[in-house]
Every structure is written in C-alpha cells, then in structure tokens.
Amino acid sequence: MTQKIDYFFGIGSPWAYVGFDAFVALARAQGAEIEPFVIPLIEENGGIYSRNRPPARKAYWLTDLKRWAKLRGLPLAFEGRDRLSDPTPAADMIVAAHLLGQDWLTLAGELHRAFWGRGEDVGLPEVRKAIADAAGLDGAALEDYAKSDAVAARKRESYEIAKEAGVFGIPSYRHEGELFWGQDSLPFLERHLKGEKLTD
C-alpha cells in the first residue's frame, strides 16, 4: 500500500524552499504520495511570523536560514525583498494545478526557486505565468482557475485541516497521524516512513 504524506507549506516560507528538494527526494525514495495543503502560518496554534519576533530571534533566524541554504547547496536571494509583491497568488496557482490534476509539484519547485533562489516577483501574474509555461503547464489557464471558487474552497479546507492537525508553522509534514514541523525534521520523517516509532 502506497504511503501518503500530508504536506503543509506555502511559497512565502523560505524554509519550505530550503527543504523542498530534500523532501521531494525523500518522498520519492520511499515511494510515498504527497498530498499538498497550501497554507499560511496558523497563529491560533502558535505560529509566529518572523516580522513579529524580537530582534535577537530575527537575527538568528536569518543566520540559520543562510546556514541551511548553504548546506543544501541552494542560492538564497535575500536582499531587496521589500520590493517584492505578496506571493499568495503564486500559492493559489499551485492549488489550481493540484485541483486540475496537473504537475503541481514541479510548479511548486519552480516557484520556490524563482521567489527565494532568484528573487523574482512571483506575486506578479506575468512572472508566475511565465514560470508555469516554462514548467510545461498552461500559465494563463492556471491563472484563471486560481481565481475560482473551487480554489478558494480548497484553501479554506486546507487551513481547517492543518489547524485541526496541530500545524502552526510551515513546512510541516504528517504521516500516519504524526506531525513533523520544519525541514530540519526530515530525518525523523524518514525514520517514521520506514516504520520506526520515535515517540514510543
């Protein structure tokens, strides 16, 4: 029986970007299916946006992010990000691709790399449509469907599922009811997928 991993993430999270390729490789190596839930942080469960953290914690957050990006061999375009638009519409495009049965995983990877690796403004429709087209998808069609009631409903459903599951930060992963927060928890997820119960 194919294993399934619930994947809670968003394009606005640099940690989701840093952990994306490693997570996809892990899931594929274990033959696991990925079910996407595109969400923001869930503040009701204790999620705290970096902008709301004390200066000392913000400084450490950035240092640690740079360490992990270097460890993963990933570029990190972190300068001048205040000029970029809200990336939420790019997340909506991923939801649209998933609902249409298209390759949402490839699209998510390309949008992550564009936004965090190259500093491209994926909040702009022309930018994300070009990225989708380059990934072999129909960017214009996805952009249209991203505005649909079906996508809005899926986003609301994803938020409620995540909230009920105890998710607070992203990325988070859930396998067989057990939650793993943060891309640094991937070694624990791997052990769980292999049948090791770490909390017994």
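Modelling each spin label as a point 7 Å along the Cα-to-Cβ direction, I'd like the Val24/Asn45 distance in nm, to one decimal.
Here the modelled spin labels are 2.4 nm apart.
I'd like to know which of Val18, His112, Tyr60 lies farthest towards the positive end of the charge dipole of the chain, counting +1 on Cβ of Lys and Arg and -1 on Cβ of Asp and Glu.
Value: Tyr60.
I'd like the distance between the alpha-carbon centres of segment 15-43 and segment 117-160, rounded to an integer number of Å.
Each part reduced to its Cα centre gives a spacing of 18 Å.
Take the solvent-accessible surface of the protein heavy atoms, probe 1.4 Å, and return the percent of it on segment 1-110 that carbon and sulfur atoms account for.
C and S atoms contribute 53 percent here.
Straight distance only, please: which lysines reach the Cα of Lys4 with their own Cα at less than 16 Å, same-chain residues fewer than 8 apart left out?
Straight-distance partners of Lys4: Lys194.
Output ³J(HN,Hα) for segment 7-18: one whole-Hz value per residue in order, computed from phi by the Karplus curve 6.51 cos²θ - 1.76 cosθ + 1.60 with θ = phi - 60°, and x for Gly and Pro.
10, 9, 7, x, 5, x, 9, x, 5, 5, 5, 4
Note down, for the chain, the three equivalent ellipsoid semi-axes (square root of 5 times each alpha carbon gyration tensor eigenvalue), biggest first, whole angstrom.
Ellipsoid half-lengths, sorted descending, are 24, 22, 17 Å.
With every protein chain kept in place and ligands, DNA and RNA left out, what is the accessible area per residue of segment 84-139? Probe 1.4 Å, answer in Å².
On a per-residue basis, 37 Å².
Going by average Cβ neighbours within 10 Å, how do the peptides 73-85, 149-161, 129-141 rank, with the highest at the top?
Top of the packing list down: 129-141, 149-161, 73-85.
Looking at the chain only, what percent of DSSP beta bridges run antiparallel? Nearest 5 please.
55
The values are calculated or read from the model by the stated rules, or taken from the named source; none is laboratory data. Since the structure is predicted, the reported quantities are computational estimates derived from the model, not experimental observations. Cβ: placed from backbone, ideal geometry, glycine included. Neighbour counts: every protein chain shown. Protein only, heavy atoms only, side chains kept; ligands, DNA and RNA dropped before computing areas. Shrake-Rupley method; radii C 1.70, N 1.55, O 1.52, S 1.80 Å.
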